[in-house]
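Just below is one structure, and these are the notes that go with it.
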Amino acid sequence: MTPDDGNRWLGIQFQLVNKGDKAYQDSPTNGMQVADADGQMFQTAFGEITAGPALSSDVRLAPGAKALGWVTFDVPKDVKVSQVQVALNSGMADHTGQWKLQ
């Protein structure tokens, strides 16, 4: 696989930690997006990058367990990504986490 024409792949490493007291199961990449300074959102992509192993698309964590891996996004070559947004429960969570990127 390769990025779409005119695009590049961007990899971001995520670590998920189950701090609750119940098992957690999700496809977390379904609810992940990146955005540029204008708010244009870009989705995850199925692509392999050399930075490291991908975050599983089927995460199952017991209480206290962790999952670590890279998520790939397909973004235009000329776009500077400025934030990442994560909504768990395959994007259906009531709360969304947002982080600024530098």
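Descriptive notes on the structure:
So that you can scan it fast, the table gives a plain yes or no per residue for (1) in contact with a strand residue (DSSP E or B) (Cβ under 9 Å, 6 or more places away or on another chain); (2) aliphatic (A, V, I, L, M); (3) under 21 Å from Q102 (Cα atoms); (4) in a strand (DSSP E or B):
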position: V34; (1), (2), (3), (4): yes, yes, yes, yes
position: T72; (1), (2), (3), (4): yes, no, yes, yes
position: V79; (1), (2), (3), (4): yes, yes, yes, no
position: S82; (1), (2), (3), (4): yes, no, yes, yes
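- Selection count, the stretch 36-62, where residues are of a type in the set (S, T, Y) and in contact with a strand residue (DSSP E or B) (Cβ under 6 Å, 6 or more places away or on another chain): 1
- In the stretch 45-80, residue nearest to A23 (Cα to Cα) [restricted to those that are surrounded by 17 or more Cβ atoms within 10 Å (Cβ to Cβ) and in contact (Cβ under 8 Å) with a residue 60 or more places away in the chain]: V71
- As a summary of the residue check, V17 satisfies the conditions (1) among the aliphatic types (A, V, I, L, M); (2) surrounded by 15 or more Cβ atoms within 10 Å (Cβ to Cβ); (3) touching a residue at least 24 places away in the same chain (Cβ under 8 Å) except for the one numbered (2).
Computed from the coordinates by the stated procedures, all read-outs in this text should not be read as laboratory data. Being a predicted model, the structure only gives us computed values, none of them experimental. Cβ atoms come from the backbone with ideal geometry, glycine included; neighbour counts cover every protein chain shown.
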